[in-house]
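Let me begin by presenting the structure, written as structure tokens, before commenting on it.
The values are calculated or read from the model by the stated rules, or taken from the named source; none is laboratory data. Since we're looking at a predicted model, the values are computed, not measured. Here the Cβ positions follow ideal geometry from the backbone for every residue, glycine too, while neighbour counts run over all protein chains shown. Remember, those area values only see protein heavy atoms, side chains included, never the ligands or the DNA or RNA. Shrake-Rupley method; radii C 1.70, N 1.55, O 1.52, S 1.80 Å.
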Amino acid sequence: MISDRHAPPQQPYGTAYEQMLEKVRYEGAYPTRERADEAVRLVLAGLGRQLTGDERVDLARCLPREAARVLTAQIPDPQPLTGWAFVKDLAARTGASLATTRWDTGSVFSAVSAYAGPNLITRILHQLPTGYALLFGRAELTPAA
């Protein structure tokens, strides 16, 4: 094996993912990039268990490579969770409080929205059960009777 001693050290993450982490760190007021990375991985893994079809594929295409891997590594649950059940599930997986988990989810979904754009987020919200719009920072609209 030949190594190039003059090559710059490899960054652990690509620039796009580093920028995503900075956005999440800023949005969530996290003290470190590592804490932002934990939130991104937790929330995107959870979303990967909820999202299927074209919306899942299209979202993965929009996200930085590392984030897309976390999302798509998950097998979707046959019965998607409501937004509130999603937060409770993530809290149970980490042992964090519901308030902290809700904060993490909102911080990550804010960054995801910036990458995905409003049209894809609308499609995602139409696919998911109720309760996700607020997590994405949108009003929860209910169809007229």
Exercise. Which of the residues belonging to the stretch 57-90 are within 22 Å of residue 21 (Cβ to Cβ) and basic (Lys, Arg)?
Worked result: 61, 65, 69
Exercise. Filtering the stretch 103-145 down to residues that are without any contact (Cβ under 8 Å) to a residue 24 or more places away in the chain and of a type outside the set (A, V, I, L, M), which residue is most open to solvent (accessible area, probe 1.4 Å)?
Worked result: 126
Exercise. How many residues does the stretch 59-102 hold that are closer than 14 Å to residue 45 by Cα, surrounded by 14 or more Cβ atoms within 10 Å (Cβ to Cβ) and among the aliphatic types (A, V, I, L, M)?
Worked result: 11
Exercise. Does residue 44 qualify as being part of a helix (DSSP H, G or I), farther than 15 Å from residue 17 by Cβ, open to solvent by less than 10 Å² (accessible area, probe 1.4 Å) and not β-branched (Val, Ile, Thr)?
Worked result: no
For this session: Would you please list the contacts, defined by Cβ atoms under 8 Å and residues six or more apart or on different chains, that run from a residue in the stretch 17-34 that is at pLDDT 95 or above and open to solvent by less than 60 Å² (accessible area, probe 1.4 Å) to a residue that is in a loop (DSSP other than H, G, I, E, B) and not basic (Lys, Arg)?
Result: 17/64; 18/11; 20/63; 20/64; 21/13; 24/30
